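The values are calculated or read from the model by the stated rules, or taken from the named source; none is laboratory data. What you see is a predicted model, and the numbers here were worked out from it, not measured in a lab. No Cβ is skipped: glycine too gets one built from the backbone with ideal geometry, and neighbour counts run over all protein chains shown.
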Number of protein chains: 2
Amino acid sequence: MDVDTRLLRYFRAVAEEGTLTKAATRLYLSQPALTKQIRQLEDQLGATLFERSKSGMALTGPGAALAESIDAVLDAWDRAERAVRTAESEASKVLRIGFLASAANEKTQPIIAAFRERRPDWRVELRQASWGAPAAALASGEVEAAFMRVPFPNQEDFHLLELLTEPRCVAMAANHALTQEQTFAFAALLDEPFIAAPAATGAFRDHWIGAEARGGHPVKIGAITEQPDDWLTAIANGDGIALAPESAARYYARPDIAYRPVTGVAASTVALAWPRTGRPTAALTDFITAATRTADR
Amino acid sequence: MDVDTRLLRYFRAVAEEGTLTKAATRLYLSQPALTKQIRQLEDQLGATLFERSKSGMALTGPGAALAESIDAVLDAWDRAERAVRTAESEASKVLRIGFLASAANEKTQPIIAAFRERRPDWRVELRQASWGAPAAALASGEVEAAFMRVPFPNQEDFHLLELLTEPRCVAMAANHALTQEQTFAFAALLDEPFIAAPAATGAFRDHWIGAEARGGHPVKIGAITEQPDDWLTAIANGDGIALAPESAARYYARPDIAYRPVTGVAASTVALAWPRTGRPTAALTDFITAATRTADR
DNA sequence: CACATCCATAACCGCAGGTTATCGATGCAT
DNA sequence: ATGCATCGATAACCTGCGGTTATGGATGTG
């Protein structure tokens, strides 16, 4: 029998969320569509996968069996995809590098230049990744390495090479009352609404709402964003304030946004990340070397 | 990225056959449909998988990378599917057993009876398998075990328990000139057209055209069939003659078909087959025990 | 008792995946 | 040299599937 891996992901979402409705919103899908798909999966397999009740969907025996075996399928496919994309990169002499927001700041260009010196016939393609699923492009091999801010979800699946560390500052609307102050203690901002990353990003989200400096003090979420532009707009809009790397003041300067230094919160580190599975290609190795040299300077 | 496993099988077929046209016929698909699908796979992956030429499709680097990783994906899915079906069988107390044509002849019922004695609350469901892909239902877990005639393709992936051996005879149209004779030497039939199984069935097909008794003498194919009914019709129709187990004369007696003893060709053995991967369920173990006892009698 | 929540159903729409028919290019055999 | 077979690409068309919105019915819950 054949399946679309999409169906498997649907199934996994329902199994994890426990209700069709929640899974549907998480998948950006309408609930009836999910109902149909799950039912179809059950029909094709000739098995009842969920026990329906008024309080949600509970896995049956066969459902649990599927849930256990699904990851192996999806992982195998991810590996296959990565293998193809890597080979394609090799064939067309293009190294695809992902980045979030400002990549490695002022070091980005020197790294690329150093790489180009070693491989003049290659091109480096930079691709922006959504921070809604920062490691997705890496896992599927869409990019071979990425400039990431640590921590990020599933970080343990990747090699990391730290490139730079910079203090964090706070970003707020230019007309915000707090812009009166020239500098802040983070502790004074605990009750401000924050612009946050999606909950699914786990440690990444926590880091950028300053969870480690809150001592359990709950956070108020002003908005949830997945892209630099959405993020800037939300801040300018006054939906809340946000922690940002100091370099944001250079790379994302706007008249409607003010950046202020903040104390009492850890710095932010940018690292180059690449998958642990498989061996890096020769070209990627050269890129890593280039990055290492530049980091040492 | 998501794929349908069907697409992967398409790709594999093209990679193996080397031309779209051949792959399309093997897949029972029109050539333009395949063209489209392969192109789409390439688009989705952003890679050229084949080098097109006037003499066919040759794998590129990325194509070869995919070809290598595909089996892992499909195997993982087969395992997942089997796990679900097994669990479903357990949950609904139904043991699904596949068979080709007459199953294990007169032993079928005693085996099932012996199983039912041990598990009165269970049902045994017999499902006919196409001999076009005799092991497919077994591999995907659609049935948990099957009565098979050995040899069959991918036989090495299964445990086998031999149940009975019977001589083979020759089947022909009732109005065939050869029905004059009462018994045959197989050597006298080498130039007769034979009704055969699809080429993809390998050793199975060879066995039933008596390849091992031909000493390299080529076979003339009168028709290719995948089902007992097609097979009987083709024989009755005079498209050719066929080797058959002796029991066919009992289980497939028809006025328009004559069965005659034949010498000089090996006997046929029926075995119970079940997958090597994974541990058989308790119910299946009981069934195997029942079969063992009955075979010993 | 009103309401929120959850899944199922119905009606609808666009597109993907299949079909047949046909074409142009190439290589092989007469 | 010419004619035929074979290969992949393209076009036009049809059906069904995967999604949508709107709505219903059942079951807890303030």
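The residues of the stretch B:114-123 that are touching a strand residue (DSSP E or B) at 6+ places or on another chain (Cβ under 9 Å) and more than 18 Å from B:Leu163 (Cα to Cα), listed by number, are B:Arg116, B:Arg119, B:Trp122, B:Arg123. Given the criteria farther than 21 Å from A:Ala103 by Cα, of a type outside the set (Ser, Thr, Tyr), in contact with a Leu (Cβ under 9 Å, 6 or more places away or on another chain) and crowded, with 17+ Cβ neighbours inside 10 Å, does A:Ile209 qualify? Considered against the rule, which asks whether it is farther than 21 Å from A:Ala103 by Cα, of a type outside the set (Ser, Thr, Tyr), in contact with a Leu (Cβ under 9 Å, 6 or more places away or on another chain) and crowded, with 17+ Cβ neighbours inside 10 Å, A:Ile209 comes out as no. Within the stretch A:28-85, being at the interface with chain B (Cβ under 7 Å from one of its Cβ atoms), crowded, with 21+ Cβ neighbours inside 10 Å and part of a loop (DSSP other than H, G, I, E, B) holds for one residue alone: A:Ala47. The combined condition, being more than 12 Å from chain A (Cβ to nearest Cβ) and either modelled with pLDDT of 90 or more or touching a strand residue (DSSP E or B) at 6+ places or on another chain (Cβ under 7 Å) (or both), is fulfilled by B:Ile111. Considering the stretch A:1-27, and only residues there that are basic (Lys, Arg) and within 14 Å of another protein chain (Cβ to nearest Cβ), the residue that is nearest to B:Asp2 (Cα to Cα) turns out to be A:Arg6. When restricted to residues that are over 19 Å from A:Arg149 (Cβ atoms) and part of a loop (DSSP other than H, G, I, E, B), the stretch A:189-199 contains 3.
Inclusion of B:Lys54 among residues that are under 22 Å from B:Ala200 (Cβ atoms) and outside the structural domain of B:Ala136 (by TED's automatic domain parsing) is not warranted. If you scan the stretch A:86-103, which residues turn out to be outside any strand (DSSP E or B) and more than 10 Å from every other protein chain (Cβ to nearest Cβ)? Correct list: A:Lys93, A:Leu100, A:Ala101, A:Ser102, A:Ala103.
This table checks each residue for (1) under 27 Å from the mean Cα position of the chain (by Cα); (2) near DNA strand D (Cβ under 8 Å from one of its atoms).
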| position | (1), (2) |
| --- | --- |
| B:Ala15 | yes, no |
| B:Leu20 | yes, yes |
| B:Ala23 | yes, yes |
| B:Ala47 | no, no |
| B:Glu51 | no, no |
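Being among the acidic types (Asp, Glu), within 13 Å of DNA strand C (Cβ to nearest atom) and out of contact with any Pro (no Cβ under 6 Å at 6 or more places or on another chain) is a property that B:Asp71 lacks.
The listed residues are B:Ala203, B:Ala197, B:Ala248, and the only one of them that is more than 30 Å from B:Glu88 (Cβ to Cβ), at pLDDT below 90 and surrounded by 18 or more Cβ atoms within 10 Å (Cβ to Cβ) turns out to be B:Ala197.
Looking only at residues in the stretch A:126-139 that are within 18 Å of A:Thr281 (Cβ to Cβ) and crowded, with 17+ Cβ neighbours inside 10 Å, the one that is farthest from the other protein chains (Cβ to nearest Cβ) is A:Leu138.
Taking the criterion of being of a type outside the set (A, V, I, L, M, F, W, C) and in contact with a strand residue (DSSP E or B) (Cβ under 6 Å, 6 or more places away or on another chain), the residues of the stretch B:249-274 that qualify are B:Tyr259, B:Arg260, B:Pro261, B:Thr263, B:Gly264, B:Ser268, B:Thr269.
Considered as a group, the residues in the stretch A:14-27 that are more than 7 Å from DNA strand C (Cβ to nearest atom) and in a helix (DSSP H, G or I) include one that is farthest from A:Glu68 (Cα to Cα), and that residue is A:Thr25.
When the residues of the stretch B:157-188 are filtered to those that are among the hydrophobic types (A, V, I, L, M, F, W, C) and assigned to a helix (DSSP H, G or I), the one that is nearest to B:Trp208 (Cα to Cα) is B:Phe186.
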